[in-house]
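Colleague: One structure, as structure tokens, below. Some questions next.
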Amino acid sequence: MRPPIPLLPGSLLWRTFLLIAALLLASLVAWIAIVDESESEPRARAIAQQVASIVNLTRAAIVTAAPEKRIELLRYLSQHEGIRIYPAGDEEPVVDLPDSEGVRLITREVRNELGEHTQLKLEQEGLSGLLVSFRIDGGEYWLALPRERIERQIPWEWIGWSALAVVLALIGAWFIVSRINDPLRALTRAAAQLAGGTRPQPIAEAGATELRTLARAFNRMTAALQRAESERALLLAGVSHDLRTPLSRLRLGLELLDNADRSITEGMVQDIEDMDAIIEQFLDFARDESGEALDPAADLNAIVRAVVERYARRRRPVSARAGHVPAQPLRPLAIQRALVNLVDNALRHSGTPVEIETRIQGNEIVVAVLDRGPGIPEGQAQRMLQPFTRLESSRSGASGAGLGLAIVQRIAAVHSGRVELLPRSGGGLEARITLPIAPA
């Protein structure tokens, strides 16, 4: 089923502009209707006065003209003024005027001027005009007026000026709305950068009072978040550094013991190494990923090969299946750290060979770490991306601080990407990092 087509555009700029344009056009239509209504009665009276004047002047001209000149007079009126005179008969090709308030007013005013016996009709049989009856020496005649003499002409010049005024008003509305929308657009971009883990530049505190207040509050919030993040990172780094020193002394002391039970000392060394790995995760979690310089044309496959070679030196079962992916603006060390965390998790929890795959999927780049372990129960994947979260019952009970996937999530967000934990066909887990393809 296709999603419904939105009736309004999503942009606040276009919505506001269309609302102002609709209000302007509605105001113009209402103004035209009011003007037309207010002048309908004066216009009807003016038409009636014009008709009555033409009839009186024509009748006077015919009456006062010499009999031998009347035919020439009637021909002149027809050719030059469009006025035709002919006697009224019993069967005339005429029809009644339409019944409207304006027509009734014209008829009433004409009869007031010419007498109650006056009739107003429309011609028929291909002849167009208004028929007005009048009498000369007891005889009944029709005077036919061309419609253009009485009909209202379309005021093209007035319409043109009105259209120009509307266009100028819409241009002004667009300018005003865009000036209001620019600070909001800048605020939207800064909020998106902040949500992606990047420190945005301070928003210019300019414009209307409300916009200045909003920008100032956003800048203060951003500064407070940055201070909190710095203090948190400093705290974690300090605690982790201070813990490493006694751990190193303990390990050195265990290695110097000569008569201790070898199995006991090996277990204690392993415990110390596990603690050191947890501390390393704390340091990685505290690290500011946005501080690394962005490589505008990083080779993702080269980063994957470097990770695979790292595990090959340690004889760990990690392989790569690289697809054709374009160069991307990346932070190479951060991406490598994310892949190492995913591979470590896969090796630790699955106990099976691990494969790293790169491919293009639509308009995105996918780098996936694949294993054949027990996977993650449905509905728990999103929770596993939160800091200090572990799912020991489903992934073999290995130890850890629960920060590995949170670190990967943060690195993906810095690159405007996302992390997904998906069940793999045939069993296992696909830990997928999806990154948008940068425009060329």
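Colleague: Evaluate the following for Ile85: is it within 13 Å of Val132 (Cα to Cα) and part of a strand (DSSP E or B)?
Modeller: Yes; evaluated as a whole, the condition is true for this residue.
Colleague: Hey, can you tell me all the residues within segment 63-82 that are under 23 Å from Gly129 (Cα atoms) and of a type outside the set (S, T, N, Q)?
Modeller: Within segment 63-82, Arg70, Ile71, Glu72, Leu73, Leu74, Arg75, Tyr76, Leu77, His80, Glu81, Gly82 meet the criteria.
Colleague: Hey, can you tell me all the residues within segment 166-211 that are part of a helix (DSSP H, G or I), within 28 Å of Ser416 (Cα to Cα) and of a type outside the set (A, V, I, L, M, F, W, C)?
Modeller: The answer is Ser178, Asn181, Asp182, Pro183, Arg185, Thr188, Arg189, Gln193.
Colleague: Would you say Gly197 is modelled with pLDDT under 70 and under 24 Å from the mean Cα position of the chain (by Cα)?
Modeller: For Gly197, the condition - modelled with pLDDT under 70 and under 24 Å from the mean Cα position of the chain (by Cα) - is met.
Colleague: Right, here's the next one. Looking only at residues in segment 101-147 that are among the small types (Gly, Ala, Ser) and within 14 Å of Ala48 (Cβ to Cβ), which one is nearest to the chain's Cα centre (by Cα)?
Modeller: By that ranking, first place goes to Gly102.
Colleague: To continue, here is another question. So, of the residues in segment 296-322 that are within 39 Å of the chain's Cα centre (by Cα) and among the β-branched types (Val, Ile, Thr), which turns out to be nearest to Gly373 (Cα to Cα)?
Modeller: Taking the candidates together, the pick is Val304.
Colleague: Hey, does segment 378-393 have a residue that's of a type outside the set (Phe, Trp, Tyr), assigned by TED's automatic domain parsing to the domain that holds Val318 and modelled with pLDDT of 80 or more?
Modeller: No, segment 378-393 has no match at all.
Colleague: Within segment 321-374, restricting attention to residues that are surrounded by fewer than 18 Cβ atoms within 10 Å (Cβ to Cβ), of a type in the set (A, V, I, L, M) and in contact with an Asp or Glu (Cβ under 7 Å, 6 or more places away or on another chain), which residue is nearest to Asp299 (Cα to Cα)?
Modeller: My answer is Ala327.
Colleague: Taking into account only those residues within segment 153-176 that are modelled with pLDDT under 80 and hydrophobic (A, V, I, L, M, F, W, C), which is farthest from Thr209 (Cα to Cα)?
Modeller: For segment 153-176, the residue satisfying everything is Ile154.
Colleague: Something else now. With respect to Arg59, determine if the residue is assigned by TED's automatic domain parsing to the domain that holds Trp142, in contact (Cβ under 8 Å) with a residue 40 or more places away in the chain, surrounded by 15 or more Cβ atoms within 10 Å (Cβ to Cβ) and charged (D, E, K, R).
Modeller: Yes: the conditions hold for Arg59.
Colleague: Additional query: Name the single residue, out of those in segment 402-419 being surrounded by fewer than 20 Cβ atoms within 10 Å (Cβ to Cβ) and in contact with a Ser or Thr (Cβ under 7 Å, 6 or more places away or on another chain), that is modelled with the highest pLDDT.
Modeller: For segment 402-419, the residue satisfying everything is Arg418.
Colleague: Output the number of residues of segment 402-427 satisfying the condition of being of a type outside the set (A, V, I, L, M) and in a helix (DSSP H, G or I).
Modeller: The qualifying residues number 3.
Colleague: Still on this model: Across segment 196-218, which residue is nearest to Ala186 (Cα to Cα) among those that are among the polar types (S, T, N, Q) and free of Cβ contacts under 8 Å to residues at least 40 places away in the same chain?
Modeller: Gln201
Colleague: Please go through (1) at pLDDT 70 or above; (2) surrounded by fewer than 13 Cβ atoms within 10 Å (Cβ to Cβ); (3) over 27 Å from Ser416 (Cα atoms) for Asn259 and return the number of the only condition it doesn't satisfy.
Modeller: (1)
Colleague: Collect the residues in segment 62-107 that are touching a residue at least 40 places away in the same chain (Cβ under 8 Å), surrounded by fewer than 13 Cβ atoms within 10 Å (Cβ to Cβ) and more than 14 Å from Leu143 (Cα to Cα), keeping them in residue-number order.
Modeller: If the condition is that a residue be touching a residue at least 40 places away in the same chain (Cβ under 8 Å), surrounded by fewer than 13 Cβ atoms within 10 Å (Cβ to Cβ) and more than 14 Å from Leu143 (Cα to Cα), then Val63, Glu101 are the ones that fit.
The values are calculated or read from the model by the stated rules, or taken from the named source; none is laboratory data. Keep in mind the model is a prediction, meaning the values are calculated, not measured. Every residue, glycine as well, gets a Cβ built from its backbone with ideal geometry; the counts of neighbours run over all protein chains shown.
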